[in-house]
Amino acid sequence: MSLPPGKIPPEILKEVIFKNLGARRAEVALGPAAGIDGAVVNVGDKSLITSIDPITGALEIIGWLAVNINANDVSTFGVEPAFFLSCILLPEKADRKSVETISSQMNKAAKELGIAIIGGHCESTPGLTAPMVVGCAMGVTEKGNYVTAAGAKAGDKIIMTKAAGIEGTAILASDRMQKLKKTMDPSTLKKAREFFKMISVVHEASIVFKTGGVHAMHDPTEGGVIGAIHEMADASGLGVKIIEKKIRVQPETTEISKFYQIDPLQLIASGSLLIAAKPGSADKITRALAKESIPSEIIGEFTPSPQDRKIVRKSGKIESLERPITDHLWQALAQ
């Protein structure tokens, strides 16, 4: 049976990937685990947070995205991303301009976030049809001074910043612009393309961590908001109850999702941040974000039983929160 596009299923992670992890090292405080997008290595009195992710779409800003997406993962630990490495793989007929474009994009994004690019690799790769950038971001903090996606507690409120499907909306509006402009208003399509400007969660993650009362953070990538909620629940061994009408979906995302007949809640959602907060701290966190003009909403809560994962639909009907099989971006791109 072939694998679906995007992330491999959790059961293959557990049955294959997590059984082949090399030697054990005492310095590894947090290694690979379902629902966790980074690792923690203790070095003396410091903790090194690292994360790695590829960018395979959004060709117009692939280098800029590579920095931001990886920086997001580090920031969800409550740690400022500081260093970046990249592996740039180019199609056989790529030229110097391709290298310059991707490198300058990475340079711009890294400078905006105060990140140093410390190394990497670049090559022309036989058989490749489009550029691919694999990035690795790192941050340093005092030993143990971080949170993980596995830290949520039963009763914690789930806060979501910004809106669902931000990255997927921007990718489709850019990569499928010619198709979408036949049915979408030009100004709406332009706004959707500019969703890339909302991709970074570094600033909001810092605000949340400094405000306090946060047990876990996670940025929704493949699988969208629903996939990320499942990942946090998996990592923390909990259930969830989500209120659909509380999840903000921008009009541009709604229009593109209707065009492709996809679910915006299962559309890749970098740019949003999910937060598990103590019940008494949730309002304080949303107020702190509002002071920085970052919209947020309490969309549900974590519950004790891992098997109990529900969503209250806008109609009031309570349904099982089904796990995405694959990100709906892939369904749209296949059309």
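Since every read-out is calculated from the coordinates, none of them should be taken as a lab result. Because the structure is a prediction, the values reported are computed rather than measured. Every residue, glycine as well, gets a Cβ built from its backbone with ideal geometry; the counts of neighbours run over all protein chains shown.
Shape of segment 244-335 from its Cα gyration tensor (a ≥ b ≥ c, root eigenvalues): rounded if a/c is under 1.5, otherwise prolate when a/b > b/c, or oblate?
Oblate.
What spacing in nm lies between the two simple spin-label points modelled at residue 315 and residue 185, each 7 Å away from Cα in the Cβ direction?
According to this spin-label approximation, the distance is 3.0 nm.
At 222 nm, what helix-only mean residue ellipticity would the chain give, in deg cm²/dmol to the nearest 500, using -39500 (n - 2.57) for each DSSP H run of four or more?
-9500 deg cm²/dmol, from helical runs alone.
Which net charge results for the neighbourhood of residue 91, defined as the other residues with beta-carbon distances under 15 angstrom from its beta-carbon, given Lys and Arg at +1 and Asp and Glu at -1?
Within the 15 Å Cβ shell, the charges total 0.
Determine the equivalent ellipsoid of segment 10-142 by diagonalising the alpha-carbon gyration tensor, then write out the semi-axes as square roots of 5 times the eigenvalues, largest first, rounded to whole Å.
Three semi-axes, in Å: 27, 19, 12.
Just to be sure I understand the model, the point goes 7 Å from the Cα along the line to the Cβ. What's the resulting residue 287 to residue 203 distance in nm?
According to this spin-label approximation, the distance is 2.2 nm.
What dipole magnitude, in Debye to the nearest 20, does segment 157-333 give about its Cα centre under +1 on Lys/Arg Cβ and -1 on Asp/Glu Cβ?
Here the size comes out at about 540 debye.
With a cut-off of 20 Å, note down the residues of segment 135-149 whose backbone N falls inside the zone around a label point 7 Å from the Cα of residue 116 toward its beta carbon.
135-143
How far is the Cα center of segment 247-315 from the Cα center of segment 112-191, in Å?
Each part reduced to its Cα centre gives a spacing of 17 Å.
Report relative contact order for segment 10-142 in percent, whole number only (criteria: Cα-Cα under 8 Å, sequence separation at least 6).
Computed over segment 10-142, the figure is 32 percent.
Which FRET efficiency, nearest 0.05, do residue 194 and residue 334 yield, Cβ-Cβ r, R0 25 Å?
For residue 194 and residue 334, the calculated efficiency is 0.50.
Would you mind calculating the relative contact order of segment 187-335 from Cα pairs under 8 angstrom and at least 6 residues apart, reporting the percent as a whole number?
36 percent
Using Cα-Cα distances under 8 Å and only pairs 6 or more residues apart, what relative contact order does the chain have, in percent?
About 22 percent, as a whole number.
Could you give the size of the charge dipole of the chain about its Cα centre, using +1 on the Cβ of each K and R and -1 on the Cβ of each D and E, expressed in debye and rounded to the nearest 20?
680 debye
If you put +1 on each Lys and Arg Cβ and -1 on each Asp and Glu Cβ, how big is the dipole of segment 10-142 around its Cα centre, in Debye rounded to 20?
200 debye
Which residues make up the longest stretch of the chain clear of GluC sites (Glu not before Pro) that lie in a DSSP loop with no more than 13 other Cβ atoms within 10 Å, not counting the sites?
For GluC sites (Glu not before Pro) (loop position, at most 13 other Cβ atoms within 10 Å), the longest site-free span of the chain is 93-291.
List nothing, just return the count: lysine pairs in segment 110-226, 8 or more apart or interchain, with Cα separation under 14 Å.
Value for segment 110-226: 5.
For residue 56 and residue 140 in one chain, what is 0.36 nm times their gap in residues minus the Cα-Cα distance, to one decimal in nm?
Extending this stretch completely gives an extra 27.5 nm.
Which shape class, rounded, prolate or oblate, goes with segment 157-333 when its Cα gyration tensor gives a ≥ b ≥ c as root eigenvalues, a/c under 1.5 marks rounded, and past that a/b bigger than b/c marks prolate?
Taking the square roots of the gyration eigenvalues as a ≥ b ≥ c, segment 157-333 is oblate.
Enumerate by residue number the trypsin sites (Lys or Arg not before Pro) in segment 81-149 meeting two conditions: DSSP loop (anything except H, G, I, E, B), and at most 16 other Cβ atoms within 10 Å of the site's Cβ.
When the trypsin sites (Lys or Arg not before Pro) of segment 81-149 are filtered for loop state and at most 16 Cβ neighbours within 10 Å, 93, 143 remain.
Does segment 281-335 come out rounded, prolate or oblate by the C-alpha gyration tensor, with a ≥ b ≥ c the root eigenvalues, rounded set by a/c under 1.5 and, if not, prolate when a/b is larger than b/c and oblate if not?
In terms of gyration-tensor shape, oblate.
Given springs between every Cα pair under 10 Å in a Gaussian network model of the chain, which of 187, 272, 200 has the largest fluctuation?
Sorting by GNM fluctuation, first place goes to 187.
Set Lys and Arg Cβ to +1 and Asp and Glu Cβ to -1, take the dipole of segment 157-333 about its Cα centre, and tell me which of 177, 218, 330 lies farthest positive.
177
Mind checking which lysines have their C-alpha under 25 Å from residue 19, skipping anything on the same chain fewer than 8 residues away?
7
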